[in-house]
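The values are calculated or read from the model by the stated rules, or taken from the named source; none is laboratory data. In this text the structure is predicted, and so the values were computed from the model without any measurement. Please note: Cβ atoms are built from the backbone with ideal geometry, for glycine as well, and neighbour counts cover all protein chains shown. Heavy atoms of the whole protein, side chains included, go into the accessibility calculation; ligands, DNA and RNA do not. Shrake-Rupley method; radii C 1.70, N 1.55, O 1.52, S 1.80 Å.
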Amino acid sequence: MKAVDVDSKTLPQRPTAGVIQRFDNKSSACPSTTSLGMIARTYPDAIEFSARAAGMTGMIMLIGLMSAAFAFWVSDQVLSLELENGRSVISFLSFPFVIIVFFHGIYSAIKYTRIELYRPKDEPTIFDRYNRKVYRIYREVYPGWLGTFKKWPMKMAEHDWNLIYAEHHAIVNATGSSVTRMHSLIFNVQKSTSDPTVVDSFAIGTSIQMGEVTVPAVWEHIRRFMEENGPHLPPGEVIEQRREPQTFLQCMAATGPYGSNFKNWWRDHTAMMIVGLLFFPITFPMMTLMGIFSWMAVKTARPVVWPSYVLDAIR
């Protein structure tokens, strides 16, 4: 293959990670719009976005406990290797490694379990174009070891729409054979019109829902609604009535091919089902655990109630 010199000025200037794009509230970012089914309610001049992706309850706890199990396994393997080599005392390099990995496993298990249990049923965001306000309910999660054992209070924030600007963020995940990007729609809140200091940030949607194309499309729907008196829902979309599982059997059915799900999944996702059956000793325990964790999360979830003054403002 012949090498070709490329002038750096001809290379694309769009970054591949970090802040991909900063959106302008007055300019169109995308010809099409979507909400990805995240709009849970509509009001005369407001829309409410849900923060909970359907079918994902219990996933965070499963990931945390799997990370902890892997950390404990690595620690055990290192210790076993040291003993097999005839050492009665762990080497200088192995000891801190084992301690760090072991306690990181404990940290992951505790924090990810706390994230799932006793959390709000939703962490919604309301865009109110009549009053040009944005309201959101969220749980304050504190970082680090000390934050893991603090109380995580449920809070409500109110922001002026004129102090908010949105950005398209991306994180690169690279392995030995592939590179993937996780996309996010981030809203930053300035201190004032004269002071651009960011005092708060929040996201709409999750990395599972968002993609390179959908981030600007979701933002464009919100922008048109707030700035151009756009429709509550993008063309062709409807509000889906989500029926969250409540009983243990319902939680199990929502996370795996149990009962009638087996027939439906086989019809709609045949290839996935074949792979799942081939790796049944792995997939069955994971789906069962996720169903159990989902049921625990549902039973400990806290109801979300908007303050009366917010409901009065948007009605």
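Quick check on Leu233: is it open to solvent by 50 Å² or more (accessible area, probe 1.4 Å) and at negative phi? When the stated conditions are applied, Leu233 does not pass them. Cβ-Cβ contacts under 7 Å between residues 6 or more apart (or on different chains), taken from a first residue in the range 199-220 that is within 20 Å of Tyr165 (Cβ to Cβ) and in contact (Cβ under 8 Å) with a residue 60 or more places away in the chain to a second residue that is assigned to a loop (DSSP other than H, G, I, E, B) and hydroxyl-bearing (Ser, Thr, Tyr), are listed as Thr214/Thr34; Ala217/Ser32; Ala217/Thr33; Ala217/Thr34; Val218/Thr34; Val218/Ser35; Glu220/Ser28; Glu220/Thr33. Cβ-Cβ distance below 6 Å, separation of 6 or more or different chains: which pairs start in the range 116-130 with a residue that is assigned to a strand (DSSP E or B) and end on one that is open to solvent by less than 30 Å² (accessible area, probe 1.4 Å) and not aliphatic (A, V, I, L, M)? Filtered contacts from the range 116-130: Pro120/Arg139; Thr125/Phe49; Thr125/Arg136; Ile126/Glu48; Ile126/Tyr135. Phe225 fails exactly one of the following numbered conditions: (1) over 26 Å from Arg302 (Cα atoms); (2) open to solvent by 40 Å² or more (accessible area, probe 1.4 Å); (3) not acidic (Asp, Glu). What is the number of that condition? Phe225 satisfies every listed condition except (2). Taking the numbered list (1) within 28 Å of Thr113 (Cβ to Cβ); (2) surrounded by fewer than 15 Cβ atoms within 10 Å (Cβ to Cβ); (3) without any contact (Cβ under 8 Å) to a residue 24 or more places away in the chain in turn, Ile186 passes all entries but (2).
Check the range 149-160 and report whether any residue there is buried (at least 17 other Cβ atoms within 10 Å of the Cβ) and touching a residue at least 12 places away in the same chain (Cβ under 8 Å).
Yes, because at least one residue in the range 149-160 is buried (at least 17 other Cβ atoms within 10 Å of the Cβ) and touching a residue at least 12 places away in the same chain (Cβ under 8 Å).
Quick check on the range 201-221: of everything there that is modelled with pLDDT of 90 or more and among the small types (Gly, Ala, Ser), which residue is least open to solvent (accessible area, probe 1.4 Å)? It comes out as Ala217.
Determine whether Glu237 is within 27 Å of Glu167 (Cβ to Cβ), at pLDDT 75 or above and in contact with a Gly (Cβ under 8 Å, 6 or more places away or on another chain). Yes, satisfied. Consider the range 52-99 and keep the residues that are at pLDDT below 80 and among the polar types (S, T, N, Q). The one that is most open to solvent (accessible area, probe 1.4 Å) is Ser88. Of all the listed residues (Met252, Met290), the sole one being touching a Gly at 6+ places or on another chain (Cβ under 6 Å), farther than 29 Å from Ser35 by Cβ and either of a type in the set (Asp, Glu) or in contact (Cβ under 8 Å) with a residue 24 or more places away in the chain (or both) is Met252.
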